[in-house]
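The values are calculated or read from the model by the stated rules, or taken from the named source; none is laboratory data. Keep in mind the model is a prediction, meaning the values are calculated, not measured. When we count neighbours, we look across all protein chains shown, and the Cβ atoms used for this are built from the backbone with ideal geometry, even at glycine. When the accessible area is computed, the model is the full protein with side chains, heavy atoms only, and any ligands, DNA or RNA have been set aside. Shrake-Rupley method; radii C 1.70, N 1.55, O 1.52, S 1.80 Å.
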Amino acid sequence: MNDGPAIRVAGLSFKYAGGVQALQEICFDVAAGEAVGVIGPNGAGKSTLFLCLAGVLPIAAGVATVAGLDPVRQRRLLPTKVGLVFQNSDEQLFAATVGDDVAFGPLNLRLPAAEVRNRVAEALAKVGLVGFESRVPHHLSGGEKRRTALAGVLAMRPEVLLLDEPSMFLDPRGRKELLQLLRSLGGTQLIASHDLDFILDRCSRVLLLDRGRLIADGPTATVLSDAALVEAHGLEVPYRLRR
Ligand code: ADP
């Protein structure tokens, strides 16, 4: 375990090859065990931030540390500590069966076969997919695909979870179950979402991004009840917080 913040981002900027400046001078820390929401309109830079923290996009300016690791220089170690669940589960799932998909990460760690089997069973149990090992990922419902993708990440027992739009495409029951699951998992969670009610239920703190800049960083209820602030950045105050 590292003793510093679970996530440290300082002066992080990212520009796509096409010239879009997707992140500009972003700074924030997340303490171990915190669940923090990342909100903002389409194109704000939420996914880009996650891809930088997960070592998928190379950070050219500024620094980031996730679970004590540098996502660029220590990229190979990252999957054991940091799990990214993509917005689109179809981009994440690739194996012929659910069991093979969830086993992929642990197999890459060259863990003994019995340990791999344990981890797959444990991860599938956590997401409520016991008995799904031989199912075909592409024949699953949207919610089941999302759970399978999460199980693949959980099988690595990461300290930090990066969840991009986790409640998208879930029906109300699936959404409620996901909320309970994320609460029970603990660890450090960064959750990007347009589902502000979900963020309000899960995250005590929120980061508001717009056009690549960090606009606000504060308690979720305080930020989300500021109508002038959220409306200026293309969002709406959740019903529960309207006065
Ligand atoms: P969000 O997740 O908040 O919707 P993104 O991080 O996806 O925002 O996008 C931030 C900005 O970067 C947007 O202007 C988007 O068009 C641009 N962008 C995203 N992905 C790419 C890419 N692969 N190539 C070029 N520009 C991109």
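Length gained on full extension, Ala114 to Tyr16: 31.0 nm, using 0.36 nm per residue less the C-alpha separation. Summing Cβ point charges (Lys, Arg +1; Asp, Glu -1) relative to the Cα centre of the stretch 44-93 gives a dipole of roughly 200 debye. Estimated at 0.36 nm per residue, the fully extended path between Asp197 and Ser134 surpasses their Cα-Cα distance by 19.2 nm. May I ask you to list the residues of the stretch 13-35 whose amide nitrogen lies under 20 Å from a point 7 Å from Cα along the Cα→beta-carbon direction of Asp226? The answer is 24-31, 35, whose backbone nitrogens lie closer than 20 Å to the label point.
Springs join every pair of Cα atoms under 10 Å in this Gaussian network model of the chain, and among Gly40, Gly143, Gly62 the largest mean-square fluctuation is at Gly62. Think of the chain as having a plus end and a minus end, set by charges on the Cβ of Lys, Arg, Asp and Glu; of Cys52, Leu190, Ala96, Ala96 sits farthest toward the positive end of this dipole. For the residues Lys176, Lys46, Lys81, a GNM of the chain with alpha-carbon springs under 10 Å puts the largest fluctuation on Lys176. For Leu185 and Asn42, what is the calculated FRET efficiency with R₀ set at 35 Å and r taken between the beta-carbons, to the nearest 0.05? The computed FRET efficiency comes out at 0.80. Sorted largest first, the principal axis extents computed over the alpha-carbon atoms of the stretch 63-114 equal 38, 30, 13 Å. For Ser141, the accessible area of its heavy atoms, probed at 1.4 Å with every protein chain present, is near 60 square angstrom. Compared with the direct C-alpha span, the chain from Ala121 to Ser141 gains 5.2 nm at full extension, assuming 0.36 nm per residue. Pairs of alpha carbons in the stretch 13-52 separated by more than 16 Å make up 41% of all such pairs.
DSSP beta bridges confined to the chain are antiparallel in about 50 percent of cases. Computed log10 I(q)/I(0) for the stretch 78-166 at 0.15, 0.21, 0.25 Å⁻¹: -0.46, -0.94, -1.34, from the Debye equation with unit scatterers placed on every C-alpha and solvent omitted.
Rounded to the nearest whole Å³, what is the per residue volume of the convex hull around the Cα atoms of the chain?
122 Å³
Note on the stretch 37-89: percent of Cα-Cα distances in each 10 Å bin, starting at 0 and stopping at the bin with the largest distance, equals 24, 53, 23, 1. From the Kirkwood radius over Cα pairs of the stretch 1-100, Stokes-Einstein at 20 °C and 1.002 mPa s returns a whole-number translational diffusion coefficient of 146 µm²/s.
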